[in-house]
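Here the structure comes first, spelled out in structure tokens, and everything after it is commentary.
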């Protein structure tokens, strides 16, 4: 399954989570909360909030482009991200600008972010990392990274072959339309 990465939605999602946390949080927590929100959206509706590529890394599953941007990869840190999220300082990030009330995120997506924050936002960053190591889609990459197949998430959540096929077709259709518009 391929998804369309939406830089603006990713930045706004991060801003919402950080606002819920009072404006500052460990970047590891932010990365994990964004992953868990995207995971939940894939399970519930067939496509994620951010559209970022999911990968297994030593500290658990992450969203690839968001992780690269957080780690200082200038090419991955978009203008939208830099508008809302500070670079990490002492392993924390700060909210630079409140999320827009009428931005790119739907009310449904904000509800997912709120639910994920309520469930996991208070969890210590190392406990949250350990928790994500128990997700069935995470596989130890032994110092590297390996892609996570969203279909594996759907299977682990009890979706039928037909439900997975429907979600996969929807995601591929959206991706194809996006690619046609870009060319």
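No value in this document is a laboratory result; all are computed from the given coordinates. All values derive from a computational prediction rather than experimental measurement. Counting neighbours? That spans all protein chains shown, and the Cβs are built from the backbone with ideal geometry, glycine included.
What spacing in nm lies between the two simple spin-label points modelled at residue 19 and residue 107, each 7 Å away from Cα in the Cβ direction?
It works out to 1.6 nm between the two label points.
For residue 134 and residue 162, FRET efficiency with R0 = 30 Å and r from the beta-carbon atoms, rounded to 0.05?
Taking R0 as 30 Å, the efficiency between residue 162 and residue 134 is 0.60.
Return the whole-Å distance between the Cα centroid of region 43-69 and the Cα centroid of region 157-183.
16
How high is the relative contact order of the chain, in percent, with contacts defined as C-alpha pairs under 8 Å that are six or more residues apart?
Rounded, it is 34 percent for the chain.
So for each of 102-114, 4-16 I average, over its residues, the number of other beta carbons within 10 Å; can you give me the resulting order with the highest mean first?
Top of the packing list down: 4-16, 102-114.
Kindly identify region 1-84 as rounded, prolate or oblate by the Cα gyration tensor criterion: order the square roots of the eigenvalues as a ≥ b ≥ c, call it rounded if a/c is under 1.5, otherwise compare a/b with b/c, prolate if a/b is larger, else oblate.
rounded
Once you sort the root eigenvalues of the Cα gyration tensor of region 63-127 as a ≥ b ≥ c, which label holds: rounded (a/c under 1.5), prolate (a/b larger than b/c) or oblate (the other case)?
oblate
Determine by what factor the alpha-carbon radius of gyration of region 7-182 differs from 2.2 N^0.38 Å, reporting the quotient.
0.99
Could you order peptides 128-134, 25-31 by the average number of other Cβ atoms within 10 Å of their residues, highest first?
25-31, 128-134
So if we plug the beta-carbon distance of residue 142 and residue 97 into 1/(1 + (r/R0)^6) with R0 = 30 Å, what FRET efficiency do we get, rounded to 0.05?
That pair, residue 142 with residue 97, gives E of 0.20.
What does the helix-only formula give at 222 nm for the chain: each DSSP H stretch with n ≥ 4 adding -39500 (n - 2.57), the total divided by the residues, and the result rounded to the nearest 500 deg cm²/dmol?
Calculated mean residue ellipticity at 222 nm is -16500 deg cm²/dmol.
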